[in-house]
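A short write-up of the structure that comes next.
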Amino acid sequence: MRGKSLETGIILLILIVVAFVGYGAGSLTASDILDRMSAAVENLNNLSAVISVQTYKDGEVSLTQQMRLALAQPDKMRLEYLKPEYLAGNVTLVVGEKMWMYIAVTDQWIEKDLSNLPSAQQPWLMFRNILRGVRSMLDDYKFARIDEEGDIYHIRGIPASDAAVYGRIELWVDPETFVPVRRTLYDMDGNLLMDTRFHDAREVVNGVVLPLTIETYDAEGKLASVVSYVQITVNAGVPDDLFNPPVGNDG
């Protein structure tokens, strides 16, 4: 009897633990999920990579670009074009809300103030979102969790401020890594604008998982572009002088 009581007690304990864990996962709100997404990259301090960007037209690759990317917390990004040859040497540099673009063919720097642009319209935001000092376009929306079958979190955002560019954002998130697996954007009339799929999620350092391939599809469901990491190094240090503003600009 004593052995049977012990066995029953163990079973009950397992059921309680399973119920508690299940409740914890199921009870996450949309806000909780967004917070977990931010926390998932908290250990990423800097990143250097070579990325490839393929643009598609009528199902075929129409342009392939290769760039060297550097990120440093909390708000620094540098993107240098490597290929094709006519773009090689062009640079986009962002520090805080200041952006400088170098046009190699004319040996000219152009300066812009990102504070005048809505977050969704700022260049290369999908990479800069990793940075803690960069305002995410998701901040302009109020999200709610959508209940549906499946093992992926699904949340929906509707405009919460005048800065919102899109009429609706749908976001699907992996429940273990809190890495996005899909995002769809809609205009104010509910028409689909873009469908983005995130693939090849890998642990790059200290529990930080990043999707290494990003596909975008247009409103008609046609493949528009593929962004992929050719090389990636995380938390190995990035030289500070990569982010120095051009001579004559104090940032």
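Considering only the range 217-233, state which residues are surrounded by fewer than 18 Cβ atoms within 10 Å (Cβ to Cβ) and β-branched (Val, Ile, Thr).
Across the range 217-233, the qualifying residues are Val230, Ile232, Thr233.
Out of all the residues in the range 120-134, which are surrounded by 15 or more Cβ atoms within 10 Å (Cβ to Cβ), out of contact with any Leu (no Cβ under 8 Å at 6 or more places or on another chain) and polar (S, T, N, Q)?
Asn129
Answer yes if at least one residue in the range 153-160 is modelled with pLDDT under 90, within 16 Å of the chain's Cα centre (by Cα) and hydrophobic (A, V, I, L, M, F, W, C), and no otherwise.
Scanning the range 153-160 turns up no residue that is modelled with pLDDT under 90, within 16 Å of the chain's Cα centre (by Cα) and hydrophobic (A, V, I, L, M, F, W, C).
Being modelled with pLDDT of 95 or more and either more than 27 Å from Asn46 (Cβ to Cβ) or polar (S, T, N, Q) (or both), is that true of even one residue in the range 196-204?
yes
Give the residue that is farthest from Met137 (Cα to Cα), with candidates limited to residues of the range 88-115 that are of a type in the set (D, E, K, R) and loosely packed, with under 14 Cβ neighbours inside 10 Å.
Per the stated criteria, the residue is Asp107.
Return the residues of the range 122-171 that are among the charged types (D, E, K, R), out of contact with any strand residue (DSSP E or B) (no Cβ under 7 Å at 6 or more places or on another chain) and closer than 20 Å to Asp75 by Cα; say none if nothing qualifies.
Arg132, Arg135, Asp139 - these are the residues of the range 122-171 that are among the charged types (D, E, K, R), out of contact with any strand residue (DSSP E or B) (no Cβ under 7 Å at 6 or more places or on another chain) and closer than 20 Å to Asp75 by Cα.
How many residues does the range 177-211 contain that are over 19 Å from Ala30 (Cα atoms), among the aliphatic types (A, V, I, L, M) and buried (at least 18 other Cβ atoms within 10 Å of the Cβ)?
Adding up the residues that qualify gives 3.
Do the conditions hold for Glu111, that is, is it over 19 Å from Val227 (Cα atoms), out of contact with any helix residue (DSSP H, G or I) (no Cβ under 9 Å at 6 or more places or on another chain) and either in a strand (DSSP E or B) or among the basic types (Lys, Arg) (or both)?
yes
Out of (1) in contact (Cβ under 8 Å) with a residue 60 or more places away in the chain; (2) not aromatic (Phe, Trp, Tyr); (3) not in a strand (DSSP E or B), what's the single condition that is false for Ala49?
All conditions pass for Ala49, except number (3).
Which count do you get for residues in the range 103-146 that are farther than 30 Å from Pro175 by Cα and free of Cβ contacts under 8 Å to residues at least 40 places away in the same chain?
13
Could you list, in sequence order, all residues of the range 38-79 that are small (Gly, Ala, Ser) and buried (at least 18 other Cβ atoms within 10 Å of the Cβ)?
Residues satisfying the conditions are Ala40, Ser48, Ala49, Ala70, Ala72.
Would you check which residues across the range 67-105 are hydrophobic (A, V, I, L, M, F, W, C) and part of a loop (DSSP other than H, G, I, E, B) and list them?
Leu87, Ala88
Among the numbered criteria (1) in contact (Cβ under 8 Å) with a residue 24 or more places away in the chain; (2) out of contact with any Gly (no Cβ under 8 Å at 6 or more places or on another chain), which one does Val95 miss?
The one condition Val95 does not meet is (2).
The values are calculated or read from the model by the stated rules, or taken from the named source; none is laboratory data. Please read these numbers as outputs of a predicted model, since none were measured by experiment. Backbone-built Cβ (ideal geometry, glycine too); neighbour counts: all protein chains shown.
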